[in-house]
Amino acid sequence: MEGFISIVTSISNWLWGLPILLVLIFGSVFMAVKLKFFYFRHFGYIFRNTLGQMFSKESRGEGTISPIQALTSALACAVGAGNIVGVSVAIFAGGPGAVFWMWFIALLGMALKYSEVVLALKYREKNKLGEFVGGPTYYIAKGLNMKWLGVFFAFSLMIEIIPSTMVQANSVSAAALEVFNISPVITGIATLLVVGTVVIGGIKRIGSFTEKFVPLMSVIYIGGALIIVVMNIGQVPAVLGLIFGSAFTGTAAVGGFAGAAVSAAIRNGFARGLYSNEAGLGTAPIAHATATTDHPARQGLWGIMEVFLDTIVICTATAFAILMTGVWQSPDITGANSGTMTTLAFTEAFGKIGGSIVTISLLLFVISTLIVLIYYGEKQAEYLFGLKFAKVMKFVYVGGIYIGAIGGAQVLWNFLDITLAMILVPNMLAVFLLRNEVVELTNEFFTSDKYYLKDIQTKK
């Protein structure tokens, strides 16, 4: 058994090294060029018509939940340990320059996330409950006329959610045990009850919950990071110089940091940036497909903002906290504990309460991730076997939270990255083959009197 697990782990490490990274980079660059980087030219409009209308009661088109609820639901899954731990690991392995390349790939990844969301809206449909459902399963089956590949995606994601929920639950219980000395059994039961109460209510309750919960948890964490920036405001030019300079020249050994070449900065920045915002993975479109909107491209704009908030805002907040406090140069940091740099940075700034802020933020991020992960898995089960089986899988996922929290079924965790690759590849193939439809819908939105031109005229 150990030999088999070792083989699976080796395959997983290879897949999520250069092969998957190249697929994601190529897909991001290709779609950004194909769409002529329109989101740079129209960023002001995009911001005004997404975050700028967060509190607007205006309803356009039809859907199950509001656009902001769809965004916060998708963000609830995307914003997680990668924003706290992943950035730490990227800086340790690639130096401060990794932050620049994280920004760079996020700006390109916006086109990929936008494309996924547009396709999800175009090919969505209503289920027997009258709720909108969609995502890669639907645009692969209907757009490519390859139902077998859509079924493969759905089945792979349905299975992937099992180890994924267990890993997330285990990270919650481990953090609670380390910082607050709370038994994993208690954490497992509490997490199960909180998550179960929300997910059993369906997408409307999930949307209502994440609409309030995601901004709160983001404000707690980003607020702490901003205080660190304000406390060290004089270092901003030096930190920016360090990030931009190291991106093209590498980072020399300093303090406890062993140094990093430009190639390491690029590789780690790209990897952590893409893995954090989940562009290309095909999960976020499942949430966006339920949104109330009058055109697929309009909801696609929310996908662009999702990447902006996840990587440009939250990951940057983490990076500045680490670089300004200087903990990345600590001689005590090694590869094994590089993920703790964020905690050390907050502790350096706020004392013991700083570590608690990071831990609580991590707990909140993971709980929100669990809630939306289960919804994603449930929708795949519904597509494959119907509503009754989807309800069964919902309880399987919720039960897996407790098993994962106490460290059970760890052998399944070794398959997590392989199952992720099994959903990423079909989704990336679909986006590539349906690229012209994305372009057509984008051109339609920005040239029609019903959408962009009408919005501009109304503003005037």
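Miscellaneous remarks
- Each residue in 113, 142 was given a count of other beta-carbon atoms within 10 angstrom of its own, and listing them fewest first yields 142, 113.
- Correct choice for log10 I(q)/I(0) by the Debye sum over Cα atoms at q = 0.06, 0.10 Å⁻¹ that was computed from the model, options (1) -0.24, -0.70; (2) -0.60, -0.98; (3) -0.27, -0.77: (1)
- Taking every alpha-carbon pair under 8 Å whose residues sit at least 6 apart, the stretch 99-210 reaches a relative contact order of 11 percent.
- Euclidean distance of C-alpha centroids, the stretch 84-155 and the stretch 385-405, integer Å: 23 Å
- Taking 0.36 nm per residue of separation and subtracting the Cα-Cα distance, full extension of the segment from residue 436 to residue 353 would add 24.7 nm.
- Extension gain from residue 450 to residue 128, taking 0.36 nm per residue of separation minus the Cα-Cα distance: 112.9 nm
- Length gained when the stretch residue 231-residue 145 is fully extended (0.36 nm per residue, less Cα-Cα span): 25.3 nm
- For residue 332 and residue 193, the FRET efficiency from 1/(1 + (r/R0)^6), where r spans their Cβ atoms and R0 equals 35 Å, is about 0.40.
- Working from label points 7 Å from Cα in the Cα-to-Cβ sense, the residue 36 to residue 263 distance is 3.8 nm.
- Put simply, when 278-287, 156-165, 444-453, 181-190 are sorted by average Cβ atoms within 10 angstrom per residue, most first, you get 278-287, 156-165, 181-190, 444-453.
- Highest mean packing comes first when the peptides 366-373, 231-238 are listed by Cβ atoms within 10 Å, giving 366-373, 231-238.
- For the chain, the relative contact order is 34 percent, taking Cα pairs closer than 8 Å that sit 6 or more residues apart in sequence and dividing their mean separation by the residue count.
- Peptides 201-212, 302-313 ranked from most to least packed, by the mean per-residue count of other Cβ atoms within 10 Å: 302-313, 201-212.
Every number in this text was worked out from the coordinates using simple rules, so none of it is lab data. Since the model is a prediction, treat every value here as computed from it, not as a measurement. When we count neighbours, we look across all protein chains shown, and the Cβ atoms used for this are built from the backbone with ideal geometry, even at glycine.
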